[in-house]
Amino acid sequence: MSKGFSLIELLVVVAIIGILAAVGIISYSGYTTAAKDSVSRKNHQAIVSNLSTLLIKYDIDGGVDRLNWQNSGQTTFVTNKQSAFDCHSFQHHYTYIKTPWADAAAKARQQDIQLWAGTCCNYGTEGRTYMTNSSGNSCVLKTLLSDGTLLEDFFIKG
């Protein structure tokens with residue numbers, strides 16, 4: 001009598017492994033989406049917190065250091081409040097904060113930063129923060145998460 005597994009036994013084992021793999025892939029996808037949303041939420045909060053800190057620093061010191069992206073990335077001490085807190089220029093100030101939703105193509109084109117100036121979606125929707133001028137003396141930061149949740153904060157400049 002030969003020893004070994006029958007064809008039916010092998011097919012049952014392969015089917016069970018396939019089912020477990022399918023369940024694992026679905027669970028893994030959910031975990032990675034939740035992790036990316038969590039990082040996007042933390043990035044949004046970090047930007048809002050830093051902007052609040054810059055406003056307090058401006059009030060104390062009469063100016064703030066801002067990244068001058070046109071001058072090889074050097075910082076400049078800006079004393080004009082309107083220039084110091086120009087909404088659109090902040091995308092260059094936070095280039096070190098990366099979105100977890102960027103794919104390899106976006107990373108290659110250096111379009112993987114979290115904060116963008118202007119209205120939504122030039123560089124994708126999920127997990128990217130868009131900062132634009134709001135009415136009067138404020139900016140609005142909006143981050144869309146994968147489940148449709150919109151994080152929105154207003155940043156009062158003056």
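The values are calculated or read from the model by the stated rules, or taken from the named source; none is laboratory data. Fair warning: this is a prediction, and the values are worked out from it, not measured in the lab. Note that each Cβ is placed from the backbone with ideal geometry, even for glycine, and that neighbours are counted across all protein chains shown. Surface areas here come from the heavy atoms of the whole protein model, side chains and all, with no ligands, DNA or RNA. Shrake-Rupley method; radii C 1.70, N 1.55, O 1.52, S 1.80 Å.
Okay, here's what the table says:
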quantity	calculated
Candidates Asp112, Asp86, Asp103, Asp147 - the one that is charged (D, E, K, R) and more than 16 Å from the chain's Cα centre (by Cα)	Asp86
Only one of Ser27, Ser49, Ser40 that is out of contact with any Gly (no Cβ under 8 Å at 6 or more places or on another chain), at pLDDT 90 or above, among the polar types (S, T, N, Q) and in a helix (DSSP H, G or I)	Ser49
Close pairs from segment 72-92: first surrounded by 12 or more Cβ atoms within 10 Å (Cβ to Cβ), partner in a helix (DSSP H, G or I), Cβ under 7 Å, at least 6 apart	Val78/Ala84; Lys81/Tyr58; Ala84/Tyr58
Positions within segment 124-139 being in contact (Cβ under 8 Å) with a residue 24 or more places away in the chain and either open to solvent by less than 20 Å² (accessible area, probe 1.4 Å) or aliphatic (A, V, I, L, M) (or both), in sequence order	Gly127, Arg128, Thr129, Met131, Cys139
Flag if Lys107 is touching a residue at least 60 places away in the same chain (Cβ under 8 Å) and open to solvent by 20 Å² or more (accessible area, probe 1.4 Å)	no
Identity of the residue in segment 124-158, within 23 Å of Thr32 (Cα to Cα) and in a loop (DSSP other than H, G, I, E, B), that ends up modelled with the lowest pLDDT	Thr125
Any hit, segment 116-123, residues being within 18 Å of Leu55 (Cβ to Cβ), at pLDDT 80 or above, open to solvent by 20 Å² or more (accessible area, probe 1.4 Å) and not polar (S, T, N, Q)	no
So Ile47, is it of a type in the set (Val, Ile, Thr) and touching a residue at least 40 places away in the same chain (Cβ under 8 Å)	yes
Members of segment 1-59 that are touching a Leu at 6+ places or on another chain (Cβ under 9 Å), over 30 Å from Asn80 (Cα atoms) and open to solvent by less than 50 Å² (accessible area, probe 1.4 Å)	Asp37, Ser40
